[in-house]
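Q: Pasting in a structure now, in structure tokens, and then I'll have a few things to ask.
Quick note: the coordinates plus some simple rules give every number you see, no bench work behind them. Predicted model only: the values in this text are computed from it and were never measured. Don't worry about glycine lacking a Cβ; one is built from the backbone with ideal geometry, like all the others, and counts go over all protein chains shown.
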């Protein structure tokens with residue numbers, strides 16, 4: 001959801017710069033900044049941004065730089081005339097001297113507030129469309145890069161899952177050997193049938209076949225959703241959570257250092273996916 005779009009317009013009396021910046025966010029969080037005389041179009045702008053950007057922390061700004069030689073202040077003639085009239089009552093002097101005094105008195109000057117111009121806004125609205133097109137294209141370009149990265153990460157996890165498949169038989173043999181060694185070191189006589197029963201019960205608690213199957217299915221499901229033209233970032237995020245759950249359970253059940261090292265590599269790949277999946281709409 002990260003992106004950037006910009007449009008610069010040269011109007012008859014001003015230069016208008018439109019900027020749109022977007023960062024990751026679970027929902028659409030819009031922040032707009034524009035001169036007061038454009039504020040009546042704020043809702044219109046928000047609707048347009050929401051339509052095309054959908055999610056992300058979006059900062060929208062319109063900056064105006066006046067380029068024409070026009071003043072934003074004017075002489076408040078009625079007030080100045082009244083000052084001159086009052087000054088004449090208390091003193092003799094030239095008209096120009098009274099004017100010099102009056103012009104510096106309170107309210108002698110007034111600020112001219114710029115009014116909204118509908119024709120001008122049409123050009124600005126077109127500029128907003130241009131900036132939106134840029135940020136949407138920015139997001140699309142980033143999406144291709146993300147898709148390739150996701151596929152690589154998922155392929156790595158699948159490779160590590162295949163390693164775990166190979167290690168599983170060795171793991172069970174290792175657990176049996178370790179338990180047998182512990183019993184032998186105790187130098188006690190045991191019921192072999194009872195030992196085998198307890199061993200089977202213990203190994204059942206360490207069984208990870210279901211986790212392996214579910215993990216493989218989740219990885220395939222992630223790739224399937226990624227290939228969907230209307231991939232849902234939130235849905236991909238949920239699938240990532242399920243992938244993480246199966247990896248964590250596999251690690252906690254493994255009870256075998258070599259397998260746990262492979263699980264750590266899987267977690268490392270998954271963390272990189274988690275960081276980027278927030279960037280999907």
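Q: Suppose the Debye formula is applied to equal point scatterers at every Cα of the chain; what is log10 I(q)/I(0) at q = 0.14, 0.15 Å⁻¹?
A: Relative scattering, expressed as log10 I(q)/I(0), comes to -1.01, -1.07.
Q: Describe numerically, in nm with one decimal, the distance between label points set 7 Å from Cα along Cα→Cβ at residue 136 and at residue 173.
A: In this crude spin-label approximation the distance works out to 6.0 nm.
Q: Could you work out the pair-distance distribution P(r) of the range 1-146 from its alpha-carbon pairs, with 10 angstrom bin width and percents rounded to whole numbers?
A: Per 10 Å bin, starting at zero, the Cα-Cα P(r) for the range 1-146 comes out as 10, 30, 19, 14, 12, 9, 5, 1, 0 percent.
Q: Take every Cα pair under 8 Å in the range 1-88 that's 6+ residues apart, average their separations, divide by the length, and report that relative contact order as a whole percent.
A: 35
Q: Further question: Order 134-142, 40-48 from most to least packed using the mean count of other Cβ atoms within 10 Å.
A: Ranking, from highest mean packing down: 134-142, 40-48.
Q: Can you tell which of 155, 126, 108 shows the greatest fluctuation in a Gaussian network model of the chain with Cα springs below 10 Å?
A: Maximum fluctuation in the GNM of the chain, among the listed residues, is at 108.
Q: Pop a pseudo-label 7 angstrom from the Cα along the beta-carbon direction at both residue 165 and residue 95 and give the gap in nm to one decimal.
A: Going by the 7 Å Cα→Cβ label model, 10.2 nm.
Q: Averaging sequence separations of C-alpha pairs under 8 Å and six or more residues apart, then dividing by the length of the chain, give the relative contact order as a whole percent.
A: Across the chain, relative contact order equals 21 percent.
Q: Follow-up question, since we're still on this one. With springs connecting C-alpha atoms under 10 Å apart, model the chain as a Gaussian network and identify which of 268, 117, 27 has the largest mean-square fluctuation.
A: Residue with maximal mean-square fluctuation among 268, 117, 27: 117.
Q: Given springs between every Cα pair under 10 Å in a Gaussian network model of the chain, which of 254, 177, 91 has the largest fluctuation?
A: For the chain, modelled as a Gaussian network with Cα springs under 10 Å, the answer is 91.
Q: As a check on your grasp of the helix formula, calculate [θ] at 222 nm for the chain: sum -39500 (n - 2.57) over DSSP H runs of n ≥ 4, divide by the residue count, round to the nearest 500.
A: -22500 deg cm²/dmol
Q: Once label points are set 7 Å from the Cα along Cα→Cβ at both residue 76 and residue 248, what is their separation, rounded to one decimal in nm?
A: Here the answer is 6.7 nm between the modelled labels.
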